[in-house]
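The values are calculated or read from the model by the stated rules, or taken from the named source; none is laboratory data. Values in this document were obtained by computation on a predicted structure and should not be read as measured data. Glycine also receives a Cβ, built like all others from the backbone with ideal geometry; neighbour counts cover every protein chain displayed.
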Amino acid sequence: MTDFHTPSNETGFHLRRATERLREGLFDPVAVRLLTARESRLNKIIDRDFQKLDQNKATHLCICGAYGQGKSHSLNYIQDRALRENFVTSLINLDPREIPFHDMRRVYHALVASMRFPDTDTSWAARWRVFAAGLPHEDFEDRVAPLLHREMPHLFRSVLTAMAQKTISLSKRQRGTKKHASYRPREFPYLLSRALTGDVVPVYRLRHALKYRQVDFYKDESLTCKGAEPYLQMIRGLGQLFQMMGYRGWVLLFDEGESISQVRVTSRSRSYQNLDLMLFPEVPSASVYPVFAFTDDFFQKVNEEEYDRVRIRNEEELPYFEKNYARAWTGLNRYLLHDLSAKEWQVLIEKLMQLHASAYQWQPDADVQREMTRRLSHMQGQETRYRLKGLVDELDLAHQVQILI
């Protein structure tokens, strides 16, 4: 077996951690990078799309395949590459109960909560404060403020402006007056950070924070967001703001995309509309790159929808569907997954043996590889992550036997 060549920053600690996470059936950036099958094909897709974004051309990607064929693995691989190539990323699992796609406020909240930056673990709110504090006043007024005004809903524009400014200082005497009873400077950062992440914040308390943070335009419009469009607009606006901050854009990764079709009819209708607006926005944005993982039966479900129905039972709701999405989505960019061949699994076994050997400083022999192949044959039909877990268990046993001998 050949020696395992890894990048210089991937030390024994990183390799052991990657192996331990595989042993638990979890994803690890190092393992994803080193064990991805057909990575040359996936890299071509990523290279093509990243190049489009750099050329100011909007694009998206749909990863399609059955359960266990590597959709989640592919999403993690794309996230790892995006972070290494100076993109901000967010990866979430869509769930009808916790993150339903028809509720764009909760989707936006989840995207912000899972946000990762290439160069820091700092939260988005803290990162924004640092960036804004380092800007000269004229730069904020001439470059940043117009972007906020043009691209973002009034609520988020007001909040971001407030976070970039200092709280008005009041004397002890002023604080004791009834006029300034709402002056609670310690509370303001908390309220603003929550509002920025999409949490529901009492409007009257938010107004106080905006007032004392010297946001003079906050009264011009409502400080509430209704429907999906404000949050979709905010997502596009954040992507452009990230580019202004020096990043290449925002990569949005959605796992379990098939859950969109696993809800009641009215929710499916709104979800399809949201998906359509994200994949094919009326105003294309090259600052946001959405990537969805779907099982094949999702598109079958879309094809089977009864688009000729006029209205649903509740007359206050919109028409069942405003258009036939099965026909509208003919321009989807798809990356199709298939089960790995026996030859590809052998290559993956060799890579896994090399990873384990480098992590724990030992040398598996040909007998170990044969036992791993035999173990693999008994795990047909299982998800890839569980097959990898079983193969790591086999390597652990072989390693322990070698130590005892």
Residue that is nearest to Glu221 (Cα to Cα), among those in the range 130-158 that are of a type in the set (D, E, K, R) and surrounded by 19 or more Cβ atoms within 10 Å (Cβ to Cβ): Arg157
Could you say whether any residue in the range 373-385 is free of Cβ contacts under 8 Å to residues at least 24 places away in the same chain, in a helix (DSSP H, G or I) and not hydroxyl-bearing (Ser, Thr, Tyr)? yes
In contact with a strand residue (DSSP E or B) (Cβ under 6 Å, 6 or more places away or on another chain) and either assigned by TED's automatic domain parsing to the domain that holds Ile92 or not charged (D, E, K, R) (or both): does that describe Glu256? yes
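For every residue, the table says whether it meets (1) without any contact (Cβ under 8 Å) to a residue 12 or more places away in the chain; (2) under 23 Å from Tyr272 (Cα atoms); (3) buried (at least 22 other Cβ atoms within 10 Å of the Cβ).
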position	(1), (2), (3)
Lys52	no, no, no
Ala58	no, yes, no
Leu61	no, yes, yes
Ala66	no, yes, no
Lys71	no, yes, yes
Val88	no, no, yes
Asn93	no, yes, no
